[in-house]
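Trainee: One structure coming up, written as structure tokens, with questions to follow.
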Amino acid sequence: MKQETVQWSTQQKRGRRGIAERKNIDIFFRVLFTLAALVSVLALGAILLFVFVQGAMPFFRPTASGIRLVPRNIDTLFVNGAQYGKSVPSIELPKHTRAVTLRFGGDGAEETLSFIAGAETGAAGEALVFTGSERGVVSRAERYVYSVSWPASDGTAEKRIHIILPEPPYAFFSFLGGLEWKPVRDRVFGIFPMIAGTLLTGLGAIILGVPAAILCALFLAEFLPPRFAAVPRAGIELLAGIPSVVYGFFGLMVIVPAARNLFGIPSGNTLFSAVLVLALMILPTVISIAETSLRAVPLAVREASLALGASKMQTAWRITLPHAHSGVAAGIILGISRAVGETMAVVLVAGNSPQLVKSPLESVRTLTATIAMEMGYASGRHSEMLFSIGVVLFSIILALNALLLRFRRRAEKSREIA
């Protein structure tokens, strides 16, 4: 009896110890998952905050506080009496400096240059009036950049000074509604043609791709026997994983020449070609997700519809598809996001002309293509504007997804009321 009591007491201790260990393990994993979720949310928030701040900067602050001078092949330069050596790559002038006098030695003689910033009518803060230069040749490579060069007569490299003026904050509505994109020379950043091109290519891909994808998913899930459906299903899943550049290359080698020959146009890199390529790209994603959702509908739902006398087509269209609307809507949302955010395929087939298209047979440029093509060499205000384009693209995708979710909730409420 005593031995049994001891055994029972030992088992109780082990049981309590096991419960305590499981509780500790649960607490550990709960804390681990909480920390992982917190870190993920903070990282995502930091990324979004960085992008939004970078995108908003061009509309609230100038590119620099004052005029910047970049001398070339000049050993010693005097700027308003202050001396700078050759080791100084650039010279930042104080914020409110308007009158500037430059002096340096050249070809055995002293060269001087004076200019006044913001002196021309209607060009305050960007125009310069030059005085006091006999040999200096003034050129204007960009809107806010002047170059002054002094030819060398003794065979040495010519001396040059680049004068870079601060660009004022850009008007937000001129950015969104502007029709011209000339970022390098004229410093004009109007993205309305790119917004229209993004929406047109995405809308065209949705109109062509989504209905075909839903019909294909219905055929695979409802009409094709499972043993035969396995082969096309595997192919569709394989197509969903192919990189977008492969679709772009296919469009460049097949769709673009076909469009050129079919419509008799000089170039097949058009809005029409981009829409076809994007429609092909979103097909596997929408088909795969929609078909999985359709196959998840309980068999009893189909049998109830068939027992009431509905045909197989009526059951698939009016019973199975509405029951799987959540998964189908998720597939459509992913397809739309991919169509609007696609880059490489569009770059290869769209033509990339920043113009407001009037016909499907004209070249078009999207927001993503602009970022991909110009981020490699952009600097200053140009680079900041590309961040702003990223913010606009994010806002467009967010608005489209929110609109689709709103329609989805309304459809669910109306179905519940009915």
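The values are calculated or read from the model by the stated rules, or taken from the named source; none is laboratory data. Everything quoted here is computed from the prediction, not taken from an experiment. Methodologically, a virtual Cβ is constructed for each residue, glycine included, from the backbone with ideal geometry; neighbour enumeration extends over all protein chains shown.
Trainee: Can we say ALA290 is over 21 Å from the mean Cα position of the chain (by Cα), of a type in the set (A, V, I, L, M) and closer than 27 Å to PHE407 by Cβ?
Mentor: For ALA290, the condition - over 21 Å from the mean Cα position of the chain (by Cα), of a type in the set (A, V, I, L, M) and closer than 27 Å to PHE407 by Cβ - is met.
Trainee: PHE175 is checked against (1) closer than 25 Å to LEU69 by Cβ; (2) buried (at least 17 other Cβ atoms within 10 Å of the Cβ) and fails just one. What number does that condition carry?
Mentor: Condition (1) is where PHE175 drops out.
Trainee: Could I ask something else about it? Which pairs have Cβ atoms under 8 Å, sit 6 or more apart or on different chains, and link a residue in segment 128-142 that is on the phi > 0 side of the Ramachandran plot to one that is modelled with pLDDT of 80 or more?
Mentor: If the second residue must be modelled with pLDDT of 80 or more, the pairs left are GLY132/THR101; GLY132/THR112; GLY132/LEU113; GLY132/SER114.
Trainee: Another question, if that's okay. For segment 49-65, how many residues are more than 17 Å from the chain's Cα centre (by Cα) and surrounded by 15 or more Cβ atoms within 10 Å (Cβ to Cβ)?
Mentor: 6
Trainee: Another question, if that's okay. Of the numbered conditions (1) part of a strand (DSSP E or B); (2) not assigned by TED's automatic domain parsing to the domain that holds ARG103, LEU200 fails exactly one; give the number of that condition.
Mentor: Status for LEU200: all satisfied but (1).
Trainee: Same structure again: Right, HIS323: over 20 Å from TRP181 (Cβ atoms) and assigned by TED's automatic domain parsing to the domain that holds PRO298 or not?
Mentor: Answer is yes for this residue.
Trainee: Of the residues that make up segment 71-92, is at least one β-branched (Val, Ile, Thr), over 33 Å from the mean Cα position of the chain (by Cα) and not in a loop (DSSP other than H, G, I, E, B)?
Mentor: Yes; the residues of segment 71-92 include at least one that is β-branched (Val, Ile, Thr), over 33 Å from the mean Cα position of the chain (by Cα) and not in a loop (DSSP other than H, G, I, E, B).
Trainee: Within segment 229-241, is even one residue in contact (Cβ under 8 Å) with a residue 60 or more places away in the chain and touching a helix residue (DSSP H, G or I) at 6+ places or on another chain (Cβ under 9 Å)?
Mentor: no
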